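Okay, structure first, notes after.
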Amino acid sequence: MFRPLSVMLLALLVAGCAAATEEGGEDPKGPITFATGRDTTGYLQPLLDRWNKAHPAQKVTLLELPEAADEQRAQLVANLQARSDRYDVLGLDVVWTAEFADNGWIIPLERGSFPLDRFLPPVVDTAVYKGKLWAVPYTSNAGLLYYRKDLVKKPPTTWAQLRSQALSATKKHDIGGYAGQLAAYEGLTVNFAEAVQSAGGTLPDLDQAKAKQALDFFTQGLREGWIPPQALNYKEEESRLAFQNGQLVFARNWPHAYGPATQSKVAGKFAVTRLPGLDGPGSSSLGGANLAISAYSKRQNTAQEFIKYFTSLENERRVLTEGSFPPVWAELYDDPALIKRFPYLPVLKESILAAKPRPVSANYNQLSLVVASAVSKALSPPYDQSTDDVAASMKAELAEIVATQ
């Protein structure tokens with residue numbers, strides 16, 4: 001007479017396991033998707049093909065998001081707020097870790113499952129929030145100063161030297177002086193953060209005097225003409241093209257701009273160095289991408305195995321050699337063969353180790369919008385608001401956002 005009850009219990013257990021599978025967590029292995037920003041170099045699919053060939057029952061499908069970080073985030077957030085299981089592995093900008101973890105959109109990972117001690121330390125920090133590991137570093141990034149070594153004898157280490165050399169070159173040659181990413185988007189927040197850091201300040205706990213110095217660096221360049229007015233519309237791609245087409249003496253950009261420049265008008269005529277600062281070498285904002293697992297994925301086991309593979313030493317080497325993206329493994333920056341092929345690696349390693357992360361905040365998007373909007377107004381003619389007033393207003397707005405966290 002106990003058999004019917006046993007059968008019922010067994011049925012309940014099976015149903016419970018099925019429900020757990022549908023919600024993610026204890027899932028069977030199987031095909032997954034990888035949602036990340038648009039691959040403009042075409043390097044990703046061949047790397048995925050290697051995994052797919054070795055794991056025919058766990059194939060990964062690449063889902064490309066928009067190229068711009070702001071648009072990537074918007075698409076990811078819309079998907080996750082809908083609790084969709086369409087995305088399994090998420091390629092996240094390093095600054096999104098806190099927001100995605102705080103909202104329960106990604107799952108925590110076991111530190112011991114990944115060789116984090118062999119990664120660059122600042123890079124690992126971008127994947128940690130409130131003491132837990134929420135993602136695995138995949139690529140790193142730090143801003144570099146590209147310069148025309150045929151027009152500049154010695155690269156600048158201070159803003160004053162940059163200004164002097166840019167003014168001198170623009171007078172002697174038909175060329176612009178300096179540009180970064182000054183359009184009103186996340187790139188402007190990054191460029192401003194770097195200037196604040198390079199003046200000795202921080203974000204979001206903004207020192208008004210340091211913020212004013214950072215704003216003055218840009219507004220002086222625009223007023224004096226060594227930052228061309230069209231630079232106010234530049235994102236990464238526009239500034240990359242301007243430099244490699246011979247239109248700039250100096251350009252702030254990420255390492256991905258190095259490869260194309262070697263095949264351009266300035267091939268053999270340029271080099272890179274650390275960003276300059278107020279009184280000496282400056283500090284970059286730490287960039288890059290981390291790989292996380294959606295909380296709504298039905299294939300979380302496969303997703304984790306794929307992340308282990310994709311962040312392995314062997315694959316990270318390919319990320320550099322085939323995609324020209326900065327790897328996260330420290331030892332790759334000291335490899336003689338790689339340095340011969342990518343001469344900027346030693347400078348990049350210095351820049352990453354000296355870089356500072358953007359604010360760790362679940363409200364980062366709000367912080368970034370405030371900064372980009374305020375800085376854009378300060379840099380746009382007719383400059384009817386003083387940089388001191390802009391800095392004061394920005395400081396107050398950032399403090400209000402931080403207070404609501």
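The values are calculated or read from the model by the stated rules, or taken from the named source; none is laboratory data. It should be emphasised that the depicted structure is a prediction, and the values quoted were computed from it without experimental measurement. Please note: Cβ atoms are built from the backbone with ideal geometry, for glycine as well, and neighbour counts cover all protein chains shown.
Annotations
- Hits in the range 134-150 - residues which are buried (at least 20 other Cβ atoms within 10 Å of the Cβ) and not hydroxyl-bearing (Ser, Thr, Tyr): TRP134, ALA135, VAL136, PRO137, ASN141, ALA142, GLY143, LEU144, LEU145, ARG148
- When the range 354-380 is limited to residues that are in contact with a strand residue (DSSP E or B) (Cβ under 9 Å, 6 or more places away or on another chain) and surrounded by fewer than 20 Cβ atoms within 10 Å (Cβ to Cβ), the one that is farthest from THR262 (Cα to Cα) turns out to be ALA362.
- Residue in the range 316-335 that is in the same structural domain as TYR129 (by TED's automatic domain parsing), free of Cβ contacts under 8 Å to residues at least 40 places away in the same chain, more than 23 Å from GLY42 (Cα to Cα) and over 19 Å from the mean Cα position of the chain (by Cα) present: yes
- Within the range 301-324, considering residues that are surrounded by fewer than 22 Cβ atoms within 10 Å (Cβ to Cβ) and outside any helix (DSSP H, G or I), the one modelled with the highest pLDDT: SER312
- Residue match in the range 253-268 (condition: touching a residue at least 60 places away in the same chain (Cβ under 8 Å), part of a loop (DSSP other than H, G, I, E, B), in contact with a helix residue (DSSP H, G or I) (Cβ under 6 Å, 6 or more places away or on another chain) and more than 22 Å from LYS349 (Cβ to Cβ)): yes
- Any hit, the range 29-41, residues being farther than 30 Å from LEU369 by Cβ, at pLDDT below 95 and surrounded by fewer than 16 Cβ atoms within 10 Å (Cβ to Cβ): yes
- Restricting the range 225-260 to residues that are surrounded by fewer than 21 Cβ atoms within 10 Å (Cβ to Cβ) and touching a strand residue (DSSP E or B) at 6+ places or on another chain (Cβ under 6 Å), the residue that is farthest from LYS340 (Cα to Cα): PRO228
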